[in-house]
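Read the structure below first, then the notes.
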Amino acid sequence: MSIGARNGVVGLGPRLGNPKWNRAGFGAGGAELAPAIAAYTEEIDSPEADDAIEGITTMAREGLTGVLCFEAREGRCHRQVVLDRVNARLGLVSVLF
């Protein structure tokens with residue numbers, strides 16, 4: 001895992017970012033959300049994204065870990081797809097409220 005940390009903040013860079021062309025679907029919600037989630041899920045099926053997800057998983061095993069994004073509404077953010085993968089590696093179940 002090659003992730004740079006500064007003052008306790010780790011940047012994962014573009015490896016887990018939601019591409020600009022797919023952001024509207026997350027923001028709109030409704031019928032557009034499911035295709036956006038599917039597209040993002042496919043987008044992060046790469047060794048680079050897997051490395052970043054493993055990095056988050058490792059940090060979560062070691063202590064309290066936050067995953068941040070610009071999107072304020074968690075239910076409409078690509079973070080949930082990432083967290084589902086992290087939780088699966090940790091043997092946890094994701095719950096959205």
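The values are calculated or read from the model by the stated rules, or taken from the named source; none is laboratory data. In this text, all values refer to a predicted model and were calculated from it rather than measured experimentally. We place every Cβ from the backbone using ideal geometry, glycine too, and count neighbours over all the protein chains shown.
See the values below:
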read-out	value
Within segment 40-97, tally of residues that are not in a helix (DSSP H, G or I) and not aliphatic (A, V, I, L, M)	14
Residue pairs meeting the criteria (Cβ under 7 Å; at least 6 apart or on separate chains; first modelled with pLDDT of 90 or more, in segment 49-66; second of a type in the set (Gly, Ala, Ser) and assigned to a helix (DSSP H, G or I))	none
Matching residues in segment 10-39 - criterion: being within 21 Å of Met59 (Cα to Cα) and modelled with pLDDT under 85	Val10, Gly11, Leu12, Gly13, Pro14, Arg15
Odd one out for Asn18, checked against (1) of a type in the set (S, T, N, Q); (2) under 14 Å from the mean Cα position of the chain (by Cα); (3) surrounded by fewer than 16 Cβ atoms within 10 Å (Cβ to Cβ)	(3)
Filtered residue count, segment 43-89, keeping only those that are loosely packed, with under 13 Cβ neighbours inside 10 Å and farther than 28 Å from Trp21 by Cβ	4
